[in-house]
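The values are calculated or read from the model by the stated rules, or taken from the named source; none is laboratory data. Because the structure is a prediction, the values reported are computed rather than measured. Here the Cβ positions follow ideal geometry from the backbone for every residue, glycine too, while neighbour counts run over all protein chains shown. Quick note on the areas: whole protein, heavy atoms, side chains included, nothing else; ligands and nucleic acids left out. Shrake-Rupley method; radii C 1.70, N 1.55, O 1.52, S 1.80 Å.
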Amino acid sequence: CTQDRCQRLNLSGNTRNCFLTGSPDSYRNFIGKGLRCLLNVPNTEVYKNAHHSSGRFCFQSFRPLGEKITSLQISSVGQLPHHFSAWNIQIIRSFHTSPSFQAAPVPLFWIIVKPAQKLFAIILGRSIRNWWKALPPNKQELFKESARKNKWKILLGVSSLGVLFVVFYFTHLEETPITGRTRLLVFGKGHFRELSQMEYDMWMEEFKSKMLPETDAHYQVVERVVRHLSESNKDIPQVSALKWVIHVVDEPGVNAFVLPNGQVFVFTGLLNAVSDIHQLSFILGHEIAHAVLEHAAEKASLVHFLDFLSLIFLTMIWAICPRDSLAVVGQWIQSKLQEFMFDRPYSRTLEAEADKVGLQFAAKACVDVRASSVFWQQMELAETIQGQPKLPEWLSTHPSHENRAEHLDRLIPEALKIRESCNCPSLSGPDPRLIFKLNMQHLLESSKDQETPNSTKRDLSKPKLDFPHT
């Protein structure tokens with residue numbers, strides 16, 4: 001990348017404009033719902049593993065920006081802002097910058113046909129079972145004997161069907177942009193962008209009364225960060241091909257998503273949750289990466305392919321099980337095996353890939369990429385403070401906060417090299433990860449000092465986190 005593409009953003013005004021928020025002082029819940037975020041689809045039957053609604057971890061609510069921001073600076077101080085001297089944190093359950101499943105709508109045809117296909121498989125399997133039960137014992141024996149005699153023909157037919165699926169799979173493989181990973185892509189990109197326009201119209205109708213104007217300070221922050229990220233990465237064809245349009249929604253949910261056609265939606269709750277401009281840049285880089293890598297189409301393609309294969313097993317389940325109740329149980333087991341063995345691990349893979357590419361986008365924009373790891377450590381800390389039970393990662397569509405931070409820590413050295421190759425200004429000040437670690441030690445020591453011998457349980461409803469400053 002060239003120097004002009006990777007130049008720093010300049011700051012006018014005082015230091016507080018380097019950060020997006022003040023001190024949080026209230027709690028709000030964010031309830032995810034169907035088709036809430038791109039790159040994450042609701043848990044409808046059609047999008048089964050393309051969307052998931054989960055609780056959110058919210059830092060609420062920071063002091064809003066009270067003045068018009070004319071320019072931004074990517075600060076390299078690496079420390080938490082002074083107005084973070086006291087936090088009020090509420091864990092709802094977990095936090096994801098993009099909700100649990102990738103959310104671009106699958107083709108309209110599949111939405112209509114899929115339930116009919118599943119119903120047909122159930123009816124066909126049940127009909128085969130009833131037909132077999134109605135046969136006299138002697139005819140059942142004759143049928144079994146005929147099957148034994150023609151077992152090679154049957155095997156050949158089944159093998160031919162398997163070959164067709166294999167051929168279909170390998171003829172629909174292509175490389176992922178930037179990373180070069182081989183993936184299955186069934187649906188056309190153009191069709192997905194047309195459908196993303198439909199989804200865009202839906203969101204605009206829902207949020208039409210909550211859209212912040214372009215003169216709002218929150219909007220200007222997001223607009224400058226997205227513009228800087230896109231300009232810094234315009235050498236990538238998939239980035240320069242899209243027109244990135246900003247929408248800032250006055251909603252308390254900690255949320256952001258990007259549609260495949262480049263429509264960027266950011267909730268003010270997210271702006272109130274990040275510690276500084278570096279974390280925001282990484283989060284938006286992550287969301288832009290989802291769109292650039294076409295994860296929505298990829299996820300829907302996998303769901304489509306697996307669901308089509310599952311129709312064969314669904315028919316067999318309803319044909320073999322002696323009772324409908326057992327068939328329902330078998331169908332449920334099959335769906336859960338598909339979900340936890342294929343869909344959720346695949347979603348975690350896409351999230352990790354978006355983290356990697358988003359970190360590269362941020363590095364080329366001269367962001368302090370070390371802040372990305374701190375963001376997820378903050379999420380982990382907050383859950384620990386609230387005593388929330390930690391679900392195993394295999395139950396989630398996103399990597400755990402701890403694993404995500406560790407993954408980013410492994411990627412940061414490479415990102416720093418990319419940043420240096422872009423002739424970015426050197427990072428000054430201490431590593432924000434070290435500052436966060438020292439803050440955590442101070443927090444733990446303060447918590448121990450505040451505990452009284454008679455107290456058996458701390459009241460964590462409104463914890464106060466006092467951070468020292470460098």
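Descriptive notes on the structure:
- Selection from the stretch 427-452 of residues that are within 21 Å of Ser372 (Cα to Cα) and of a type in the set (S, T, N, Q): Ser428, Asn439, Gln441
Each row is one residue, and each column tells you yes or no for (1) closer than 28 Å to Gly180 by Cβ; (2) aliphatic (A, V, I, L, M).
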site	(1), (2)
Ser325	no, no
Ser347	yes, no
Leu350	yes, yes
Lys356	yes, no
Ser373	yes, no
Glu406	yes, no
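- Any hit, the stretch 311-331, residues being within 22 Å of Ala352 (Cβ to Cβ), of a type in the set (Gly, Ala, Ser) and open to solvent by less than 30 Å² (accessible area, probe 1.4 Å): no
- Every residue from the stretch 215-235 that is open to solvent by less than 70 Å² (accessible area, probe 1.4 Å) and of a type outside the set (Val, Ile, Thr): Asp216, Ala217, His218, Tyr219, Gln220, Glu223, Arg224, His228, Leu229, Ser230, Ser232, Asn233
- Filter pass, Arg410 being out of contact with any strand residue (DSSP E or B) (no Cβ under 8 Å at 6 or more places or on another chain), open to solvent by 30 Å² or more (accessible area, probe 1.4 Å) and within 15 Å of His286 (Cα to Cα): no
Table: residues versus (1) aliphatic (A, V, I, L, M); (2) open to solvent by less than 10 Å² (accessible area, probe 1.4 Å).
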{"site": "Val254", "(1), (2)": "yes, yes"}
{"site": "Leu270", "(1), (2)": "yes, yes"}
{"site": "Ser281", "(1), (2)": "no, yes"}
{"site": "Leu284", "(1), (2)": "yes, yes"}
{"site": "Glu287", "(1), (2)": "no, yes"}
{"site": "Glu294", "(1), (2)": "no, no"}
{"site": "Glu298", "(1), (2)": "no, yes"}
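- Condition broken by Phe207, with the remaining ones in (1) farther than 22 Å from Asp368 by Cα; (2) open to solvent by 10 Å² or more (accessible area, probe 1.4 Å); (3) touching a residue at least 12 places away in the same chain (Cβ under 8 Å); (4) more than 19 Å from the chain's Cα centre (by Cα) satisfied: (2)
- Selection of first residues in the stretch 116-132 that are closer than 16 Å to Val328 by Cβ and of second residues that are open to solvent by 60 Å² or more (accessible area, probe 1.4 Å), restricted to Cβ pairs under 7 Å at least 6 apart or on distinct chains, gives the following pairs, ordered by first then second residue: Gly125/Met316.
- When residues of the stretch 435-450 are limited to those that are under 30 Å from the mean Cα position of the chain (by Cα) and not hydrophobic (A, V, I, L, M, F, W, C), the one surrounded by the fewest Cβ atoms within 10 Å (Cβ to Cβ): Lys437
- Those helices (runs of 4 or more DSSP H) lying entirely in the stretch 295-369 with at least 1 residues among the hydroxyl-bearing types (Ser, Thr, Tyr), touching a strand residue (DSSP E or B) at 6+ places or on another chain (Cβ under 8 Å) and modelled with pLDDT under 90: 295-320
- Selection status of Leu212, surrounded by 12 or more Cβ atoms within 10 Å (Cβ to Cβ) and without any contact (Cβ under 8 Å) to a residue 60 or more places away in the chain: yes
- Residue, farthest from Ala300 (Cα to Cα), within the stretch 184-204, restricted to residues that are aliphatic (A, V, I, L, M) and open to solvent by less than 40 Å² (accessible area, probe 1.4 Å): Leu195
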